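Here the structure is laid out as structure tokens; the discussion comes afterwards.
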Amino acid sequence: MPVILEVENLVKKYGDYEVVKGVSFSVQEGEVFGLLGPNGAGKTTIISMATGVLAPTAGTVRIGGYDIRRDARQVKRLNGLVPQDLALYPSLSARSNLEFFGRIYGLRGRELKERVEDVLRIVALTERADKPVETFSGGMKRRVNIAAGLVHQPRLLFLDEPTVGVDPQSRNHIFESVMRLNRERGMSIIYTSHYMEEVELLCCRAAIIDQGQIIALDTIKNLIELLGGGVIHVGLPRADDATLAELSALPAVKEASLLPMPGAALAEAGSLATTLDSQPAPAGSIVQVVAEHSQQAVVNIIGYLNQRDIPLTSLEILEPNLESVFLHLTGKKLRE
Amino acid sequence: MVGMRNLVSVVWKEIQLIVRDRGGLGVLFLLPVLMGSLIAGPNVMYARESEQAAILLEVGLVNQDQGPYGVEIVRAVRGIKELSVRLHDSVAEAEESVAQGKATAAIVIPADLSAMIEAYLPVSIEVMVDPVEPESASIVTGIMNHVVDEVAIWGEVQHGIRSILEDSGILREASEGQRRALEAQSLGVIMTTLGEMRRNPLIAVVSEDVAGEVIGGSLLGQYFAYLFPAFAVMFIFFIVGMVSSSLLSERETGVLRRLSAAPISPGTVIAGKMVAYMIIACLQVVVLLTLAKAAFDMPLGKSPVGLAIVTLSVAFAATALGLLVAALAKTPKQADSTGMVLGFVLAGIGGAIPISPSTMFFRSEGLMGFLSQLTPHGHAVKAFYGLMAENATAVEVLPQAAILLGMAALFFLVARWRFRFV
């Protein structure tokens, strides 16, 4: 598959503050690529540089073989941007908004009308097309926002947090639209989100970004397999190096390390975690255990602690998914 | 070509947005019309009332003369708008009318008036007055003196012609018919020449104001030529708040970011917005001045080109000031309020709040005159007034247009330096 987007050593600085620190990745034609990271990680800045909204401090971006700096106009014709904000004119109808954005990309006459009708069908808003956008629900506005990025049939679509503040029904509709655009029209899509479920569902590959850097980049399957059989968080009154070494040596355990995070985070694990009790985690140490097989590892860990008479203050078993991968890699939750 | 098409797209989008903003349209179009009409209407009514009061002098008229001069005086008296003339058959009837207070005065034209004038002999017209209305009586007397003077000129000229012809001996062999024809022909030539001299005098007295400018047209028309353009200028500058808040809203909602990712330059986006608001500003002027002309007979002057130049210059200055406010304000709301406050303050200083002719600061000396010259409003109203009230030419208002364009360029350059597109 040819490469549609190549990003090399991309850097963005504001004064001394480096927002993006030498990011490199590439996206193949027809791929849905995820940029996963918490708010403030630098996802939007990367997208802004890739779409020509911001000038990079250093590095190169090539789209469809064109350099974003040298051939900005050609690159911009290939791109479609759906920004995180509802970048629309609220008092205009959905149709008028789409016609305006279509004209900006050079569409006129019958072609413009056909494209507008097409994208209205894609986002299922044909019947409300002539109503002012300000009368729409949040989810409908999001769908018009997406349609405005699609009207000129871009080869590469950037979707920047497209489901923020959207009701479940509209969110599902957005997912379906993204999948159909990719499957039926072969559109390449860069999808940024801090919702790992969305990236897992939609993307073939993803880059996990934290503090302006890519900390992991692979297929979703391979990223999850980084955790092997899962991750177990073991709460202990204290954990020294000897304890960590002995835990690491247990059967079905790949490695054990001290988690540099406050114990309170355990109580917020939600549906992804199983805890021994519902009490807030006590103060102490949290040991993160990467398991080859989580159930067998739990049995071995409890046996070891009983044998050494070490009290267990909490136990959390994290399912292997992108959330736990991010937690494993950064010691932070995605939505902090 | 692509840039031009994009520009048209942005202009069209902006106009759609403006048209949907009913409140904004009300401020830009309805409010100046209402305010202008509210001030102009009572002025017109007052003027009409004053005019009616002047013509309500009732006089009686008795014409005992059957000759041409008596008829001529009756025609002249009846043509005077200040008098309401009632014809009587007898002197007694006219006297009774005055005695009963039905008439202020009675004019009696004697039976031998024409004959006496023809004979170049003294003759008088009697004016009987009501002693309880001495002021009205003196007005009627004054008017009659003026009328008689006019008629007397005919008599004097005719007598002169006859004397010259008789003294020259030309008419010695002529028949009576030939003599009358010659007299009439000479009289016609002289009176035509006299009429022409009155219309185009070689020496004329002209009223001037203290600045040495000729005052023409009615005073009310001149006031309207200040009132309506001043309101137009004041409300054109309310566009400042609209331009700036709409631009900042687009930045706040991420539209400018989206447009930055599209193949359209930031310059085209800004220019499109400016052109759209300039069209609205020009429409404001056209609507307000057309209505003022139709409803209040406001003079428009003699230079449509000058009006177009000044209108475009004001429109450019207002939209550029809007960009400047957008560059300096932080939020759309702040920009909107700043635009509104600037609109009122600059209009007040510049003489564009036309409460009375005393607010024409652009014609004043001193501090207010100086401050007025610092505002675009002052120059704009001065230029409009010059064109409409003083019949200035397009060339004569070019200095004001140039100052307005200079201010616009300054606002634009500072805005371009300061404005953050994304």
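The values are calculated or read from the model by the stated rules, or taken from the named source; none is laboratory data. Computed from a predicted structure; not experimentally measured. Don't worry about glycine lacking a Cβ; one is built from the backbone with ideal geometry, like all the others, and counts go over all protein chains shown. Quick note on the areas: whole protein, heavy atoms, side chains included, nothing else; ligands and nucleic acids left out. Shrake-Rupley method; radii C 1.70, N 1.55, O 1.52, S 1.80 Å.
Compute the accessible area per residue over segment A:1-160, keeping the other protein chains in place, probe 1.4 Å, unit Å².
Accessible area per residue: 39 Å².
Give me the angle, in degrees from 0 to 90, between the Cα long axis of helix B:332-350 and the longest principal axis of the Cα atoms of chain B, rounded to the nearest 10.
Relative to chain B, helix B:332-350 is tipped by roughly 30 degrees.
Which whole-number percent gives the relative contact order of segment B:342-422, counting Cα pairs below 8 Å spaced six or more residues apart?
22 percent
Please list, in chain and number order, the residues 5+ apart from residue A:315 or on another chain whose amide H is under 5 Å from its amide H, with Hs placed from the backbone.
Amide H neighbours of residue A:315: A:235, A:276, A:277.
Based on Cα coordinates alone, diagonalise the gyration tensor for segment A:3-224, multiply each eigenvalue by 5, take square roots, and list the semi-axes in whole Å, largest first.
They are 28, 19, 16 Å, listed largest first.
Which whole number gives the average count of other chain Cβ atoms within 10 Å of the Cβ atoms across peptide B:8-20?
Average neighbour count from other chains, rounded to a whole number: 4.
How about segment B:323-401: which trypsin sites (Lys or Arg not before Pro) there lie in a loop by DSSP and see at most 11 other Cβ atoms within 10 Å?
For trypsin sites (Lys or Arg not before Pro) across segment B:323-401 that sit outside H, G, I, E and B with at most 11 neighbouring Cβ atoms in 10 Å, the list reads B:330.
Taking the Cα atoms of the protein assembly as shown alone, what are Rg (to one decimal) and Dmax (as a whole number) in Å?
Both quantities, over Cα of the protein assembly as shown: 45.2, 166 Å.
Go through B:123, B:310 and list them by solvent-accessible area, largest first, probe radius 1.4 Å.
These residues rank, largest area first, as B:123, B:310.
Work out the charge dipole of chain B with +1 on the Cβ of Lys and Arg and -1 on the Cβ of Asp and Glu about the Cα centre, then indicate which of B:185, B:366, B:18 is farthest towards its positive end.
After comparing all options, I get B:18.
How fast does segment B:283-422 diffuse by Stokes-Einstein, in µm²/s, taking the Kirkwood radius from C-alpha pairs at 25 °C and 0.890 mPa s?
In µm²/s, the coefficient is 154.
Could you grab the relative contact order for segment B:57-199? Cα pairs under 8 Å, six or more apart, rounded to a whole percent.
The value is 22 percent.
Helix by helix, which DSSP H runs in chain A go 15 Å or more along their axis at the Cα atoms and have an average Kyte-Doolittle hydropathy of -0.5 or more?
A:94-104, A:138-150, A:294-308
Roughly how far apart, in whole Å, are the Cα centres of segment B:374-398 and segment B:1-53?
20 Å
Roughly what angle does helix B:2-20 make with the longest principal axis of chain B, taking Cα atoms, 0 to 90 degrees, to the nearest 10?
Once rounded, the angle reads 70 degrees.
Once you place label points 7 Å from the Cα toward the Cβ at residue A:60 and residue A:17, how far apart are they in nm?
Placing both labels 7 Å along Cα→Cβ, they lie 3.0 nm apart.
Any idea what angle helix B:134-168 forms with the longest principal axis of chain B, computed on alpha-carbon atoms, 0 to 90 degrees, nearest 10?
60 degrees
Checking the cross-link filter: which lysines have an alpha carbon closer than 24 Å to that of residue A:333, excluding same-chain neighbours under 8 positions apart?
Qualifying lysines at Cα under 24 Å: A:21, A:43, A:221, A:254.
Starting from the amide H of residue A:230, placed 1.01 Å from N in the peptide plane, find each other amide H under 5 Å away whose residue is 5 or more places distant or on another chain.
Sorted by chain and number, the residues that satisfy this are A:291.
Hey, rough spin-label estimate for residue A:39 and residue A:183, points 7 angstrom out along Cα→Cβ, what's it come to in nanometres?
Each label point is offset 7 Å from its Cα along the Cβ direction, giving 3.3 nm.
Residue by residue through B:108-120, how many Cβ atoms from other chains fall within 10 Å of the Cβ on average?
0
Between A:44, A:243, A:163, which gets the highest mean-square fluctuation from a Gaussian network model of chain A, Cα cutoff 10 Å?
A:243
For each pair in A:131/B:273; B:13/B:293; A:12/B:273; A:12/A:113; A:13/B:13, compute the distance between the two Cα atoms and list the pairs where it is over 28 Å.
In this structure, B:13/B:293; A:12/B:273; A:12/A:113; A:13/B:13 lie more than 28 Å apart at Cα.
Quantify, in whole percent, the carbon and sulfur part of the accessible surface of segment A:3-224 (1.4 Å probe; protein heavy atoms only).
45 percent
Quick one: work out the % antiparallel among DSSP beta bridges in the protein assembly as shown, nearest 5.
60 percent
Ignoring ligands, DNA and RNA, how do B:154, B:417, B:12 rank by accessible area with a 1.4 Å probe, largest first?
B:417, B:12, B:154
Among rounded, prolate and oblate, which fits segment A:98-206 when a ≥ b ≥ c are the square roots of the eigenvalues of its C-alpha gyration tensor, a/c under 1.5 means rounded, and a/b larger than b/c means prolate?
Oblate, because a/c is 1.5 or more while a/b does not exceed b/c.
Can you give the accessible area buried between chains A and B, summed over both chains, with a 1.4 Å probe, in Å² to the nearest 100?
Adding both sides of the contact gives about 2500 Å².
At 1.4 Å probe size, what's the solvent-accessible area of residue B:196? Round to the nearest 10 Å².
80 Å²
Once you place label points 7 Å from the Cα toward the Cβ at residue A:167 and residue B:164, how far apart are they in nm?
The two pseudo-label positions are separated by 10.3 nm.
Compactness ratio of chain B: Cα Rg over 2.2 N^0.38 Å, N = residue count?
In units of the 2.2 N^0.38 Å rule of thumb, it is 1.50.
If you take every DSSP beta bridge whose two residues both sit in chain A, what share of them, in percent to the nearest 5, is antiparallel?
Rounded to the nearest five, the antiparallel share is 70 percent.
Defining a contact as two alpha carbons under 8 Å apart and six or more residues distant in sequence, what relative contact order in percent does chain B show?
After rounding, I find 18 percent.
Can you put A:176, B:118, A:323, B:14 in order of accessible area, largest first, using a 1.4 Å probe?
Highest to lowest solvent-accessible surface, that is A:176, B:118, A:323, B:14.
When a/c is below 1.5 the answer is rounded, else prolate if a/b is larger than b/c, else oblate, so apply that to segment B:263-356 with a ≥ b ≥ c taken from the square roots of the Cα gyration tensor eigenvalues.
Oblate, because a/c is 1.5 or more while a/b does not exceed b/c.
What is the average number of partner chain Cβ atoms found within 10 Å of a Cβ in A:101-111?
So the per-residue partner count for this stretch is 4.
In a Gaussian network model over chain B where Cα atoms closer than 10 Å are linked, find which of B:110, B:354, B:399 has the largest mean-square fluctuation.
B:110
Based solely on C-alpha atoms, express the radius of gyration and the Dmax of segment B:57-199 in angstrom.
17.8, 59
Springs between alpha-carbon pairs under 10 angstrom, Gaussian network model over chain A: which of A:320, A:154, A:168 fluctuates most?
It is A:168.
Report the antiparallel proportion of the DSSP beta bridges in chain B as a percent, rounded to a multiple of 5.
30 percent
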